[in-house]
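The values are calculated or read from the model by the stated rules, or taken from the named source; none is laboratory data. What you see is a predicted model, and the numbers here were worked out from it, not measured in a lab. Here Cβ is always computed from backbone atoms with ideal geometry, including for glycine, and neighbour counts include all displayed protein chains. Note: areas computed on protein heavy atoms with side chains; ligands, DNA, RNA excluded. Shrake-Rupley method; radii C 1.70, N 1.55, O 1.52, S 1.80 Å.
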Amino acid sequence: MKKIWIIHNSMYGNSEKISNQLAEGLKEEYDIRVNSIKKISPEDIAKDEPYALIIAVRIVAFRSDKEILKFIKNLDNLVVKPISKVAYFSTHALGWKKFFIKGMKKAIEKIGCVEEVCPEYLEVKMQGAEGPAIEGSDVKIQGFISRLKEFMK
C-alpha cells in the first residue's frame, strides 16, 4: 500500500483536525501518517520514502507559515527518491487568501524532490484566528478528498 504523509503545524487544532479528516477519507486506499512538524523531522519523512505528501499551511501574520516552509525546504535536501504527488490545503481567517495560496504553490513547485503538485487545493476559512471552520467546510473537505483520490492514482 502506498504511503502518504500529511503534515501540519496546527496552532489552534484546525489544521490538525482537517489533516485527520483527510486521513480518514484516504485510509482505505493508502497507508496514511499524520503528524505535526513539531513532533517529527524532515529525516523521518525522507527515511520513509512516501509516495505522496499533503501539507497543511496556516496563513499567519498575512503570510504562509514560515515553519512549514522551512520544514519543506529541509525535506527537499534529504529526499533521495522523489515524492510522486504533493497536495496542500490552507486554513485562514482572511478574505484575500489567493495571494498567499499562490505563493505556497510556487514554493512547493520550486522544491526538487516533488514530481507533481496537485493542480487543486483546499482552502478552509476559519471563524477568526482560532476557528472553528465556517459552516459548509465539511462539504468542501469531502470534495477535496474525492479530488485527491483521483490525483493520487
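Results for (1) in contact with a strand residue (DSSP E or B) (Cβ under 7 Å, 6 or more places away or on another chain); (2) open to solvent by 30 Å² or more (accessible area, probe 1.4 Å); (3) assigned to a loop (DSSP other than H, G, I, E, B); (4) not small (Gly, Ala, Ser), shown as yes or no for each residue.
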site: 23; (1), (2), (3), (4): yes, no, no, no
site: 45; (1), (2), (3), (4): yes, no, no, yes
site: 50; (1), (2), (3), (4): yes, no, yes, yes
site: 70; (1), (2), (3), (4): no, yes, no, yes
site: 88; (1), (2), (3), (4): yes, no, no, yes
site: 91; (1), (2), (3), (4): yes, no, no, yes
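In segment 25-36, what residues are under 18 Å from residue 72 (Cβ atoms) and either in a helix (DSSP H, G or I) or open to solvent by 20 Å² or more (accessible area, probe 1.4 Å) (or both)? Selection gives 33, 34, 35. Any residue at all in segment 108-122 that's without any contact (Cβ under 8 Å) to a residue 24 or more places away in the chain, under 27 Å from residue 43 (Cβ atoms), open to solvent by 20 Å² or more (accessible area, probe 1.4 Å) and not in a strand (DSSP E or B)? Yes: one or more hits. Of the residues screened, residue 18 is one that is under 24 Å from residue 145 (Cα atoms) and at pLDDT 95 or above. Going through (1) of a type in the set (A, V, I, L, M); (2) open to solvent by 40 Å² or more (accessible area, probe 1.4 Å); (3) not in a loop (DSSP other than H, G, I, E, B) one by one, residue 1 falls short only on (3).
Does any residue of segment 141-150 turn out to be in a loop (DSSP other than H, G, I, E, B) and in contact (Cβ under 8 Å) with a residue 12 or more places away in the chain?
Checked segment 141-150: no residue is in a loop (DSSP other than H, G, I, E, B) and in contact (Cβ under 8 Å) with a residue 12 or more places away in the chain.
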